[in-house]
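This report concerns only the one structure given below.
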Amino acid sequence: MMFPQLPVWMQAGGLLVASNVFMTFAWYAHLRDLNHRPWWYAALFSWGIALFEYLLQVPANRIGHTQLSLGQLKIMQEVITLTVFVPFALFYMNEPFKLDYLWAALCMLGAVYFIFR
């Protein structure tokens with residue numbers, strides 16, 4: 001365990017949040033920042049960013065799996081992904097807010113309920 005004083009779900013969750021920041025930039029930032037470059041350049045740049053994602057995601061899942069089921073880890077990952085993606089889309093990519101983000105979040109809450117009950 002990386003931070004034994006914190007509960008496992010917080011250790012895993014914190015690492016997954018950081019991992020998702022890297023993942024979101026690796027997957028989508030090239031659409032704004034590298035759209036003038038060839039696709040293979042964007043792919044190589046994104047792979048470089050994704051390395052940091054995996055350096056955080058793998059320990060997050062190993063720590064989390066000591067007390068959480070695989071399904072619980074996956075749902076936690078998806079909720080974190082949406083939580084990181086929406087501000088990224090709004091503030092970095094300058095996308096308009098859509099109520100669909102709210103409806104997706106409500107669906108995710110239902111998923112959290114069913115997987116953690």
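FYI, it's all coordinate maths here, none of it is from the lab. Here the structure is a predicted model, which means the values were calculated and not measured. Note that we place each Cβ from the backbone using ideal geometry, even for glycine, and neighbour counts take in every protein chain shown.
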Identify, by number, the condition in (1) free of Cβ contacts under 8 Å to residues at least 40 places away in the same chain; (2) of a type in the set (G, A, S); (3) surrounded by 19 or more Cβ atoms within 10 Å (Cβ to Cβ) that A43 doesn't meet. (3)
Given (1) under 19 Å from A111 (Cα atoms); (2) assigned to a helix (DSSP H, G or I); (3) not β-branched (V, I, T), index of the condition L68 fails: (2)
Of all residues making up region 14-31, the number that are more than 10 Å from the chain's Cα centre (by Cα) and under 16 Å from N61 (Cα atoms): 1
Which of the following residues is in contact with a Phe, Trp or Tyr (Cβ under 7 Å, 6 or more places away or on another chain) and either without any contact (Cβ under 8 Å) to a residue 40 or more places away in the chain or assigned to a helix (DSSP H, G or I) (or both): V112, V58, V86, V79? V86
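Would region 28-39 turn up any residue that is free of Cβ contacts under 8 Å to residues at least 24 places away in the same chain and touching a Phe, Trp or Tyr at 6+ places or on another chain (Cβ under 7 Å)? Break it down into steps so the answer makes sense when it comes.
Narrowing region 28-39 to residues free of Cβ contacts under 8 Å to residues at least 24 places away in the same chain: 30, 33-39.
With the extra rule that they be touching a Phe, Trp or Tyr at 6+ places or on another chain (Cβ under 7 Å), the set shrinks to 30, 34.
Checking region 28-39: at least one residue is free of Cβ contacts under 8 Å to residues at least 24 places away in the same chain and touching a Phe, Trp or Tyr at 6+ places or on another chain (Cβ under 7 Å).
Could you check region 74-113 and list, in sequence order, the residues that are of a type in the set (A, V, I, L, M, F, W, C) and over 22 Å from A60 (Cβ atoms)? Spell out how you get there, then give the answer.
Narrowing region 74-113 to residues of a type in the set (A, V, I, L, M, F, W, C): 75-76, 79-80, 82, 84-86, 88-91, 93, 97, 99, 102-109, 111-112.
Listed by number, the residues that qualify are A89, L90, F91, M93, F97, L99, L102, W103, A104, L106, C107.
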